[in-house]
Amino acid sequence: MNSYPDRAARILTRIDHLATISETATGITRTFGTPAFLAGRELVQGWMQAAGLATRLDAIGNLRGRRVSPMPGAKTFVIGSHIDTVVNAGRHDGPLGVLLGLDVLENLGQETLPFHLELIAFSDEEGVRFHTTYLGSKVVAGAFDTNLLTKADATGVTLAQALAEMDATVSSRHLAAIDYHLAADAIAPADFLGYFEAHIEQGPVLWGRQIPVAVVTAIAGQRRCELTFRGMAGHAGTVPMPMRQDALAAAAEFVLAAEAMARADAHGLVATVGKLTVNGAASNVIPGEVRCTLDLRAADENHLAAAHDGLRITAEKLAAARGIALTWTPVQTGAPVTCDPELTDLLGHAIRDAGHETVALVSGAGHDAVPIAAVAPVAMLFIRCFKGISHNPLEAVEASDVAAALDVTDRFFAHLATRHAITY
Ligand code: HGY
Ligand code: MN
Ligand code: MN
């Protein structure tokens, strides 16, 4: 068997190779369905096929490789993460979980598993292009809303058109029945034994405590909204201040109100305005229309709902006081998710066996485990990352932490195989 340091080194070499593929001349950006995304997926598919996995691309563009069990009645256990990225991304967010999963499959040897083991590289977890996350894992979970097929990206291309463009081999007949194919790509709950995802923590706890890995007990809920502030464009030199309906000043007041509310919160609420666009922007024009996003997260659903509703009231009041019309559009609502206690306990057991302290964390970041948790037990392993930095080119991991994660994951699947071998 290859040593954990050697296996970790090869994973990181592959991550570096994948990171050279981007939509942009500098940095890493591979959003759903773009040529760079397709090239990156093709690279990973080649590695999966070289490992002897039978691979396929499903109707939403997920890359899937399966190790079939000969056991009668075997169910499917999925290991995976995503291969799409945010803009100017780090290189580990997603690919580390996919390539660690591939390495675990490659090093399983010839032993017979009592379940099918399917590696999935999900096609769209970040939701950058179509502003709705988990497209890939929602299909696998049987939770894909076909109304999303009409969602358009910034250039007006719909998701359905993007799917047609992504895979030239897809026939018009296939597209005509895309609803059927998307539904057929789900793993039925009765056959879905469970899901495991390894992912960088994307937070500062493990870095601060100098611990390589942690179990994830829950994933925070999310509220994503789009806001439009409509005032009155005007001449920057002639309109007296009291007469202005400055949409950008209103949006700026909202951004600071959202930040102040989250800073004052005692239950871990976080609020982010990640995108803000001034329509018709010019230095000598009073902004007439501004659009921005809002991303709210909290571990408790009621607390999240109360924060969302409270902030919306604040926004409406500050807009009215400025003579600004506000449109508040919910984009995505995701309830908090609890990881499966049994699987998580098994993972904690594997961490202790590997000689590490068992730390339990709640994830502020969303993951493909979120939609899957509705139909199957999920477990997640966090891996320490440099100062907790993510969604940033500075994202980095230590090879020794990847080696530790491999050791833990091998043990986790050994425990899982033992447990399910008994039940057959
Ligand atoms: O936004 C998130 O939580 C994740 O990176 N999709
Ligand atoms: Mn991720
Ligand atoms: Mn991410």
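The values are calculated or read from the model by the stated rules, or taken from the named source; none is laboratory data. What you see is a predicted model, and the numbers here were worked out from it, not measured in a lab. Quick reminder, even Gly has a Cβ in these numbers, built from the backbone with ideal geometry, and neighbours come from all protein chains shown. Each accessible area value is taken on the protein alone, full model and side chains, heavy atoms only, with ligands, DNA and RNA left out. Shrake-Rupley method; radii C 1.70, N 1.55, O 1.52, S 1.80 Å.
Calculate the FRET efficiency for T13 and R56 from the Cβ-Cβ distance with a Förster distance of 30 Å, rounded to the nearest 0.05. Once rounded, the FRET efficiency stands at 0.70.
On a per residue basis, the convex hull of the C-alpha atoms belonging to the stretch 112-199 measures out at 125 Å³. Atom-type composition of the exposed protein surface of the chain places 56 percent of the accessible area on carbon and sulfur (1.4 angstrom probe). Taking a ≥ b ≥ c as the square roots of the Cα gyration tensor eigenvalues, the chain comes out prolate, since a/c reaches at least 1.5 and a/b is larger than b/c.
Entry comment: accessible area of the stretch 163-210 is 51 Å² per residue, from protein heavy atoms only and a probe of 1.4 Å.
Within the shell of other residues whose beta carbon sits under 9 angstrom from the beta carbon of R291, the net charge comes to -1, with Lys and Arg scored +1 and Asp and Glu -1.
In order along the stretch 409-414, phi translates into HN-Hα couplings of 5, 4, 5, 4, 6, 5 Hz, rounded to whole numbers, per the Karplus curve 6.51 cos²θ - 1.76 cosθ + 1.60 with θ = phi - 60° and x for Gly and Pro. How far is the Cα center of the stretch 331-385 from the Cα center of the stretch 116-135, in Å? That distance is 17 Å. Average accessible surface for the stretch 1-150: 35 Å² per residue, computed with a 1.4 Å probe over protein heavy atoms with every protein chain in place. The listed peptides 239-248, 273-282, 291-300, ordered by packing as a protection proxy, come out as 291-300, 239-248, 273-282 (highest mean of other Cβ atoms within 10 Å first).
With one equal scatterer per alpha carbon and no solvent term, the Debye-computed log10 I(q)/I(0) for the stretch 266-424 at 0.10, 0.12, 0.19, 0.20 1/Å reads -0.58, -0.76, -1.30, -1.37. Accessible surface calculations at 1.4 Å, restricted to protein heavy atoms, place the stretch 352-424 at 38 Å² per residue.
Cross-link partners of K151 among lysines, defined as those whose alpha carbon lies under 22 angstrom from its own and excluding same-chain residues fewer than eight positions apart: K138, K275.
If you run the Gaussian network model on the chain, springs between alpha carbon atoms under 10 Å, then out of G364, G46, G97 the most flexible one is G46. Stretching A25 away from K275 to a fully extended chain increases their span by 87.8 nm, per 0.36 nm per residue minus the current alpha-carbon distance.
Helix content alone sets the calculated 222 nm mean residue ellipticity of the chain: runs of n ≥ 4 DSSP H residues at -39500 (n - 2.57) each, divided across all residues, give -11500 deg cm²/dmol.
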